[in-house]
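Peer 1: If you scroll down you'll find the structure; I have some questions about it.
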Amino acid sequence: MVLASAFVAQTVYYGVPNAELVVPTLLSGLFKAIAWYFTSKAAQESSWCIAPVIATLAAIINAHLSRSSSEAIAVMGVLACLLAIAQAIGIIPRSSRGRWALWGFAAIPIGFSLYQAAQIRSLSSAAIDGRVHPVESIIEVAKIDFQRLTKRQSREFPQAVAEYKHRYGMEPPPGFEDWFKFAMDNQSPIIDDFNIIYTSIAPFLRLSGQDFTRITADTHRNPDADVWLCTFNGTSKDTSCNHPLRSFDRNTALLFNTLLQNLTRLIPDVSFLVNHLDEPRVLIPPSGGETGQYPFRPEDFTHRPTFDLLTKHCPRQNQQASTARDSPTTRAHHLLPFVRDITAAKDVCRNPSFAKQHGLFLSPISFHLVEGLVPILSTGAPSTMGDIIFPSPAYTVEEDFLYDAAHGMEWEKKRNNLYWAGSTTGGYAAEDAKWKDFHRQRFVALAQGRLGGYQYLRMHNGGLMNMVSGFLNRRLFDVDFTRVFMCAVRACRDEEDYFHAKRWADKDAGLGSRLVFDLDGNGISGRYYKFLASRSAVLKQTVFREWHDDRLVPWVHYIPVSMGMEELPELVLWLTSTKSGQTRAREIADQGREWYEQALRPVDRAVYVYRLLLELARLQDPERVASKG
Ligand SMILES: *[C@@H]1O[C@H](CO)[C@@H](O)[C@H](O)[C@H]1NC(C)=O
Ligand SMILES: *[C@@H]1O[C@H](CO)[C@@H](O)[C@H](O)[C@H]1NC(C)=O
């Protein structure tokens, strides 16, 4: 009866809750109802002074149930509750017989804390420690991959040329020898592995140099294309950018000027188009087919689903393979989809589930697509898109994203949990409830224990098995939204209700946790390097390809997380609560930091951009004829 009326009262007051919110709503409604019942009873016998005390009590219990992120906070919650009860009893006149019954309230937080403690103990005591954990063997393989990567790089020029021809089936671009010397002089750990550049530029070999230049100029002039045209002056090493409508270039020219200031060698003048939006822009038709409509008309897919569009050129057999449920990250060998092959895990064609897992595919904040062979530089793009990839300005010239050693912390002093805080960027939440499927919202809901169906690995009869539990140890996850926006009015309110967004978080708070999560926003996440530098282990989830993909090795420098995140509860439990997991977490944190200092320096980005400019210069050479294919 009380329960029902509480629910009705809540519903009248707050509107119909979402299905997932029914239980918490019922519980908190129940406490409020009981609190009111006691308040009115008590007030009849004493005075209304009791009201605030009991209201406080109810609030404390409510807060305790919804969020006890650490042992200390749980204990404080119980203590606060006991204090409030004692105070209430003190106010009620001695003559009132029922007043001792108030101690009954204490049973709620105490019982809940004991239940939680028991769950946590049973989870961590059954966690799989040692070599049998499947991640251990994945890490061993990854270490060998990384050793191979560093060992195989050319150290002599003729070898670098041979390697280039072998990999990419053509001569290196003019100026390659100077580039090689620049890379060697600056101890670039990577000389040969620039597949991301090759993949970016290869489709444009189908255009002649003159067509390439003409398309570049036409696209720039088209205001709907909304791209900047930047020109690098090989004599002055200066880059200047302009846009047909905009005059404020936040950081594009600054990025190139910062990266290329130290070049002393001869580079030709080069012009290139740059996308200033977070989202990628280009869909290239497959070779052999049409090269796209010309002139290209940009189409606006803002707030619209894009998955079908972005997968329309996927090869057929891939689609069949994925319907056969042996997609790369699923349980071929193991019960949980730990990422083994990062390229396959990010391959949009092989992961049809992405359609309902990422804001970019569900409802991008802005999406101005150009279909055709149009060379536009973007900071990241999913596997099926043809943007030319360059290093995000966030990594080089945006203060907020740069690591400040003053905020660094020793591993031992860091909290043994996973941290993430941020806003609801990544998709536009319309009136429908699709926002629940956006990548950030799915992650936060999971990490806040709002979902259920959490999977853990267990030993059973000498083998591994999967256990499904409704329980997530919230103390291992310090995860919050700090801002709800990019949503329609009703969706904003629903999200606020659902997530209880925190008002503020220090942008460097993550450096205080041993594990930090990093995932896409509207585009790539600019915080990635700060975390890699911070001696915390980075758990990384993304659909975007980036310039560093050839050099960052998953499970060595960072911990990859699948888009579905089914493995995340087990992964975090293992990394925080077992000896072998903790050792691996620290190892990956250290290796990530070390590699950041060796391979993600500003000069490493300069080496990349320099090589990219040489390729672009060759593409726009007016003498170059179109290749067939
Ligand atoms: C490049 O810079 C040099 C030196 O500042 C200048 O003389 C030259 O005109 C510039 N080239 C172009 C194409 O603007
Ligand atoms: C350019 O040189 C300066 C001084 O040696 C150095 O601090 C800076 O990091 C260099 N920039 C790049 C992009 O290599």
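Peer 1: For a label point 7 angstrom out from the Cα of Asn466 toward its Cβ, which stretches of the stretch 549-583 have the backbone nitrogen within less than 17 Å?
Peer 2: Counting only backbone N, you get 562-572.
Peer 1: Right, something else. For the pair Ala59 and Lys165, how long in nm is the line joining their label points, each one 7 Å along Cα→Cβ?
Peer 2: 7.7
Peer 1: I'd like the carbon and sulfur percentage of the solvent accessible area for the chain, probe radius 1.4 Å, heavy atoms only, ligands and nucleic acids excluded.
Peer 2: Carbon and sulfur: 55 percent of the exposed surface of the chain.
Peer 1: Give me the percent of DSSP beta bridges within the chain that run antiparallel, rounded to the nearest 5.
Peer 2: On the way: 20 of 44 bridges.
Within the chain, antiparallel bridges account for around 45 percent of the total.
Peer 1: With a point put 7 Å past each Cα toward its Cβ, work out how far Asp178 is from Arg97 in nm, to one decimal.
Peer 2: Going by the 7 Å Cα→Cβ label model, 9.9 nm.
Peer 1: Now for a different question. Given Pro280, Tyr498, Thr425, which one lies farthest toward the positive end of the charge dipole of the chain, if we put +1 on the Cβ of every Lys and Arg and -1 on the Cβ of every Asp and Glu?
Peer 2: Farthest along the dipole direction, towards plus: Tyr498.
Peer 1: May I ask for log10 I(q)/I(0) of the chain at q = 0.05, 0.09 Å⁻¹, from a Debye sum over the Cα atoms as equal point scatterers with solvent left out?
Peer 2: Listed by q, the Debye log ratios stand at -0.28, -0.80.
Peer 1: For the chain, with the dipole built from +1 on Lys and Arg beta-carbon atoms and -1 on Asp and Glu ones, taken about the Cα centre, which of Asn251, Val75, Phe146 lies farthest toward the positive end?
Peer 2: Positive-end residue among those listed: Val75.
Peer 1: My understanding is that a pair violates if its Cα-Cα distance is over 21 Å; which of Lys414/Lys540; Lys414/Lys530; Lys312/Lys540 do that in this structure?
Peer 2: Values: Lys414/Lys540 19 Å; Lys414/Lys530 16 Å; Lys312/Lys540 27 Å.
From Lys414/Lys540; Lys414/Lys530; Lys312/Lys540, over 21 Å: Lys312/Lys540.
Peer 1: Okay, moving on. Starting from the 7 Å offset along Cα-to-Cβ, what nm value, one decimal, do you get for the label separation of Phe157 and Arg214?
Peer 2: Spacing of the two 7 Å Cα→Cβ label points: 3.7 nm.
Peer 1: What full-extension length gain, to one decimal in nm, is calculated for His500 and Lys356 as 0.36 nm per residue of separation minus the Cα-Cα distance? Let's see the in-between values first.
Peer 2: Details: separation 144, 0.36 × 144 = 51.84 nm, distance 2.36 nm.
Stretched out fully, the His500 to Lys356 stretch lengthens by 49.5 nm.
Peer 1: When the dipole is taken about the Cα centre of the chain, and only Lys, Arg (+1) and Asp, Glu (-1) are charged at their Cβ, what size is it in debye, to the nearest 20? Show your work: numbers first, answer last.
Peer 2: Working: 68 positive and 66 negative charges, 404 e Å.
Charge dipole, the chain, about its Cα centre: 1940 debye, nearest 20.
Peer 1: Sticking with this one: Which three extents, in angstrom, do the Cα atoms of the stretch 456-505 have along their principal axes, listed largest first?
Peer 2: Over the stretch 456-505, Cα extents along the principal axes are 53, 23, 15 Å.
Peer 1: Now for a different question. Quick check on the stretch 555-624: take the gyration tensor over C-alpha atoms, sort the square-rooted eigenvalues as a ≥ b ≥ c, and tell me if it's rounded (a/c under 1.5), prolate or oblate.
Peer 2: oblate
Peer 1: Also, quick follow-up: Give the residue from Ala405, Pro134, Ile201 lying farthest towards the positive end of the charge dipole for the chain; charges sit on Cβ (+1 for Lys and Arg, -1 for Asp and Glu) and the dipole is referred to the Cα centre.
Peer 2: The Cα lying farthest towards the positive end belongs to Pro134.
Peer 1: Tell me the per residue accessible area of the chain using a 1.4 Å probe; a whole number in Å² is fine. Intermediate results must be reported in sequence, preceding the final value.
Peer 2: Details: 27610 Å² over 629 residues.
With the other protein chains kept in place, the chain gives 44 Å² per residue.
Peer 1: So how much slack lies between Glu431 and Gln455, counting 0.36 nm per residue of separation and subtracting their Cα-Cα distance, in nm?
Peer 2: Extra length from Glu431 to Gln455 when fully extended: 5.5 nm.
Peer 1: List, in order, the whole-Hz ³J(HN,Hα) value for each residue of the stretch 199-209 obtained from phi through the Karplus relation with A = 6.51, B = -1.76, C = 1.60 and θ = phi - 60°; use x for Gly and Pro.
Peer 2: 4, 5, 9, 3, x, 7, 5, 5, 9, 6, x
Peer 1: Another question, if that's okay. How long is the gain from Arg316 to Asp300 if the chain were fully straight, where each residue apart is worth 0.36 nm and the alpha carbon distance is subtracted?
Peer 2: 3.1 nm
Peer 1: Which order do the peptides 391-403, 348-360, 145-157 come out in when sorted by mean C-beta neighbours inside 10 angstrom, highest first?
Peer 2: Taking the mean over residues of other Cβ atoms within 10 Å, the ranking is 348-360, 391-403, 145-157.
Peer 1: Rg and Dmax of the stretch 400-499, Cα atoms, in Å?
Peer 2: Considering the stretch 400-499 through its Cα atoms, Rg and Dmax are 17.4, 53 Å.
The values are calculated or read from the model by the stated rules, or taken from the named source; none is laboratory data. The model shown is predicted, which means the values in this text are computed figures rather than measured ones. FYI the Cβ positions are ideal-geometry reconstructions off the backbone, even for glycines, and counts take in every protein chain you see. Accessible surface is based on the protein model in full, side chains and every heavy atom, while ligands, DNA and RNA are left aside. Shrake-Rupley method; radii C 1.70, N 1.55, O 1.52, S 1.80 Å.
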